[in-house]
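Shown next, in structure tokens, is the structure this report addresses.
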Amino acid sequence: VSMIFLSSSSGFSSPIAAESFNYKKFFEMVGLKKKSPEDVKKVFHILDKDRSGFIEEEELKFVLKGFTPDGRDLSDKETKALLAAGDKDGDGKIGAD
């Protein structure tokens with residue numbers, strides 16, 4: 001499903017272009033809200049590269065590369081917006097819960 005989001009033939013703008021990433025559309029396309037808690041934890045552990053139990057800003061920057069080999073790094077602005085969307089307690093990182 002996420003590959004459709006990343007293709008230019010989808011109904012969404014391609015996140016390959018700088019500053020084009022829309023986290024709301026991304027969450028919708030990957031079906032995040034429809035995933036079971038177990039599936040969400042699996043994705044969390046994939047993104048938590050340093051196994052700290054948190055997804056930090058540096059790890060989020062590379063999230064698109066986890067979905068397609070030609071995915072680009074998110075800009076600082078895009079990364080901060082994505083982090084803010086997932087940071088429930090305001091500590092600057094995303095926890096597993």
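The values are calculated or read from the model by the stated rules, or taken from the named source; none is laboratory data. Owing to the predicted nature of the structure, the values given are computational and were not obtained by experimental measurement. Please note that ligands, DNA and RNA were not included when accessible areas were found on the heavy atoms of the full protein model with its side chains. Shrake-Rupley method; radii C 1.70, N 1.55, O 1.52, S 1.80 Å.
Straightening the chain between PHE62 and ALA84 buys 6.3 nm, computed as 0.36 nm per residue apart minus the Cα-Cα spacing. In region 24-97, inverting the average of 1/r over every pair of distinct C-alpha atoms gives 12.7 Å as the Kirkwood radius. Listed values for region 49-54 are Karplus-derived 3J(HN,Hα) couplings in whole Hz (6.51 cos²θ - 1.76 cosθ + 1.60, θ = phi - 60°), namely 4, 8, 6, 7, x, 9, and x replaces Gly and Pro.
Please compute the per residue accessible area over region 31-95 with all protein chains in place, 1.4 Å probe, rounded to a whole number of Å². Provide the component values of the computation, followed by the final result.
Numbers: 4160 Å² over 65 residues.
With the other protein chains kept in place, region 31-95 gives 64 Å² per residue.
Under 12 Å of direct C-alpha separation, and excluding same-chain neighbours fewer than eight residues apart, LYS24 reaches these aspartates and glutamates: GLU78. With θ taken as phi - 60° and the Karplus curve 6.51 cos²θ - 1.76 cosθ + 1.60 applied, the whole-hertz 3J(HN,Hα) list for region 57-62 is 3, 4, 6, 5, 3, 9 Hz, x standing for glycine and proline.
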